[in-house]
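Single-structure report; data block below.
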């Protein structure tokens, strides 16, 4: 029986048991692909992307030898979502004002000005 591609989808994180080949996802039982912020809700800088990738790799290493099932993928996605929120709260990430819909899904932005 051929294995199926598994995925975990949150608002800002999509994880697939696949690799990208010629801009297409192809199932791979031992690789994960991260699609970060598919709606471009945030403005990313190199430092925040680096932190996300480091956390993603750390979470994968922690799960070495475990089955890559729906549950494990959801746990990884949830932890990445949590890091996105921390980066936003710390001012290391900001909302994209040119995003299709401004819904402040991770909370209202902080300002430095006193009202």
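Nothing in this text is a laboratory measurement; each read-out follows from the coordinates by a stated rule. This structure is a prediction, so every number in the text was calculated from the model and none was measured. Glycine also receives a Cβ, built like all others from the backbone with ideal geometry; neighbour counts cover every protein chain displayed.
Full extension from residue 94 to residue 61: what is 0.36 nm times the residue separation minus their Cα-Cα distance, to one decimal in nm?
The span from residue 94 to residue 61 would gain 9.0 nm if fully extended.
What angle do you read, to the nearest 10 degrees and between 0 and 90, between the alpha-carbon axis of helix 46-62 and the longest principal axis of the chain?
40
Provide 86, 21 in ascending order of the number of other Cβ atoms located within 10 Å of each residue's Cβ, fewest first.
By the 10 Å Cβ count, ascending: 21, 86.
Give me the one-decimal nm value for the distance between modelled label points at residue 50 and residue 70, 7 Å along each residue's Cα-to-Cβ direction.
3.8
To the nearest Å, what is the center-to-center distance of the range 1-31 and the range 40-115, using C-alpha atoms only?
19
Report the percentage of all Cα-Cα pairs in the range 7-95 whose separation exceeds 23 Å, rounded to a whole percent.
Distances greater than 23 Å cover 22 percent of the Cα pairs.
Grab the DSSP H runs of the chain that are 4 residues or longer, score each as -39,500 (n - 2.57), total them, divide by all residues and round the 222 nm result to the nearest 500 deg cm²/dmol.
My calculation for the chain gives -11000 deg cm²/dmol from helical runs alone.
Can you tell me the 0 to 90 degree angle between the C-alpha axis of helix 70-89 and the longest principal axis of the chain, rounded to 10?
Once rounded, the angle reads 20 degrees.
Between residue 86 and residue 104, what length in nm is gained on full extension when 0.36 nm per residue of separation is reduced by their alpha carbon distance?
5.1 nm
At 0.36 nm per residue, and after removing the present C-alpha to C-alpha distance, how many nm does the segment from residue 78 to residue 25 gain when stretched out fully?
16.9 nm
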